[in-house]
């Protein structure tokens, strides 16, 4: 018995493929067959296509690859709006005691809220760096992965860990960390249970000790060895603030990049969040090793961390994607606004108006993110044979209709409405609303869990 592949045809739209040549079509079509992009091009779709189950007239729309989020902390959705005038270290000290009291229902609700906000704004591949595992808190990794599955997004769980607490010179309180042995064992168990290495995988897992100031040298070294033995990627925070650089020099006698290299944490299977304070030597090391960067412009600004040298990284050949970061340091929780913020904030740096343009910003949020997650052969651009992860942005609106160039409208303009979003060929958003989860119910549960966490933290 031959199974026929069902097709969806999207027509009459502008298209930005974000392929190697930055191919664009002023008016064109995309054909989805099953979970793959079958064809695309200028003009009308080919005649005689079989098993077409739907045709979408996308007049007034721009079709792009789905956005790829490369750094986030979902649990922070229920601690938004706190410590709003703090730098990173003071912010962490203020919030760790609250975060250390999360449990499975809280994490599930926070993950649902974080994922819903991203998905309705064009994210088709999300990731979560979760590193807080209080004793007796339940199956937090399973709750996060389950929320991603319900929402319908492609997902990478970066299974984090911390073993350097206050008594060891770190920032987290003593009750908020794991032991070296338990962190490694739990991380390996999570990879073995949930990681899917296949081309069209919906769930992947990375090994992700939290940061130099919350993790022992031994956890970094053994974590890198574990990831490479299991064949998965590595993720952590790096070079986020001047305080972190001072911490590394005082404790290890070297800056963050040299310290990471000494522990096995540079390589094409590694990506790091932030990388704000990088000198020429640091950037050269990342370029030489193809270590990736998750650029989080809004969070960097919120915590006064500084302006990352993204133009210099790109010029050197460093893979760079965009990240929301946790919603306790980026309360909007959206990635499509980071396209604009990345461009504007980088133009405040040394390169000024030449720092980034609209198409470079779109590439950071799509193909760049796919590179950073190790999935550039599967997602991140619109090309035949790639997975059908794509977004229809409505630019026929008051906010956008008078901007002639659609990519400029998307990046420089107000946040564009998402008419439709597809992941793996399956539609997950229709007219700005999620199709497979109840946004209103999620809003209620996140509010309730945020209040419950606040009560528990206040009583501690």
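Based on what the data block shows, is residue 134 modelled with pLDDT under 95 and farther than 23 Å from residue 321 by Cβ?
Yes: the conditions hold for residue 134.
For residue 440, all conditions in the list (1) more than 30 Å from residue 104 (Cβ to Cβ); (2) surrounded by fewer than 16 Cβ atoms within 10 Å (Cβ to Cβ); (3) over 22 Å from the mean Cα position of the chain (by Cα) hold save one; what is the number of the exception?
For residue 440, the exception is condition (1).
Where in the stretch 282-397 are the helices (runs of 4 or more DSSP H), entirely inside, with at least 2 residues that are within 19 Å of residue 120 (Cβ to Cβ)?
Here the list reads 336-346.
Please state which one of 429, 423 is touching a helix residue (DSSP H, G or I) at 6+ places or on another chain (Cβ under 8 Å), more than 23 Å from residue 317 (Cβ to Cβ), in the same structural domain as residue 16 (by TED's automatic domain parsing) and buried (at least 20 other Cβ atoms within 10 Å of the Cβ).
429
What do you reckon, is residue 303 outside the structural domain of residue 415 (by TED's automatic domain parsing), within 20 Å of residue 114 (Cα to Cα), in contact (Cβ under 8 Å) with a residue 60 or more places away in the chain and buried (at least 23 other Cβ atoms within 10 Å of the Cβ)?
When the stated conditions are applied, residue 303 passes them.
Out of 336, 295, 351, I need the residue that is assigned by TED's automatic domain parsing to the domain that holds residue 124, in contact (Cβ under 8 Å) with a residue 40 or more places away in the chain, in contact with a helix residue (DSSP H, G or I) (Cβ under 7 Å, 6 or more places away or on another chain) and farther than 17 Å from residue 241 by Cβ. Which one?
Working: 336 fails: in contact with a helix residue (DSSP H, G or I) (Cβ under 7 Å, 6 or more places away or on another chain); 295 fails: farther than 17 Å from residue 241 by Cβ.
Only one candidate passes the filter, namely 351.
Out of all the residues in the stretch 118-139, is one or more in contact (Cβ under 8 Å) with a residue 60 or more places away in the chain, in a helix (DSSP H, G or I) and crowded, with 17+ Cβ neighbours inside 10 Å?
Yes, the stretch 118-139 contains at least one residue that is in contact (Cβ under 8 Å) with a residue 60 or more places away in the chain, in a helix (DSSP H, G or I) and crowded, with 17+ Cβ neighbours inside 10 Å.
Applying the selection to the stretch 164-175, what residues are under 25 Å from the mean Cα position of the chain (by Cα) and surrounded by 23 or more Cβ atoms within 10 Å (Cβ to Cβ)?
Once the filter is applied, which keeps residues that are under 25 Å from the mean Cα position of the chain (by Cα) and surrounded by 23 or more Cβ atoms within 10 Å (Cβ to Cβ), the stretch 164-175 yields only 172.
Of everything in the stretch 149-158, what is out of contact with any helix residue (DSSP H, G or I) (no Cβ under 6 Å at 6 or more places or on another chain) and either assigned to a helix (DSSP H, G or I) or surrounded by fewer than 23 Cβ atoms within 10 Å (Cβ to Cβ) (or both)? Give them in sequence order.
149, 150, listed by residue number.
Please give the number of the condition residue 166 fails out of (1) more than 17 Å from residue 73 (Cβ to Cβ); (2) modelled with pLDDT of 95 or more; (3) in contact with a helix residue (DSSP H, G or I) (Cβ under 7 Å, 6 or more places away or on another chain).
(2)
What residue, among those in the stretch 306-320 that are over 16 Å from residue 344 (Cα atoms) and in contact (Cβ under 8 Å) with a residue 40 or more places away in the chain, is surrounded by the fewest Cβ atoms within 10 Å (Cβ to Cβ)?
Only one residue fits best here, namely 314.
In the stretch 398-448, which residues are assigned to a strand (DSSP E or B) and over 13 Å from residue 62 (Cα atoms)?
Selection gives 422, 423, 426, 427, 428, 429, 430, 433, 434.
Can you tell me which residues in the stretch 204-242 are exposed (fewer than 15 other Cβ atoms within 10 Å of the Cβ) and either at negative phi or touching a residue at least 40 places away in the same chain (Cβ under 8 Å) (or both)? Steps first, please.
We begin by selecting, within the stretch 204-242, every residue exposed (fewer than 15 other Cβ atoms within 10 Å of the Cβ); these are 217-218, 225, 229, 231, 242.
Selection gives 217, 218, 225, 229, 242.
The values are calculated or read from the model by the stated rules, or taken from the named source; none is laboratory data. It should be emphasised that the depicted structure is a prediction, and the values quoted were computed from it without experimental measurement. Glycine gets a Cβ as well: all are built from the backbone with ideal geometry, and neighbour counts include every protein chain shown.
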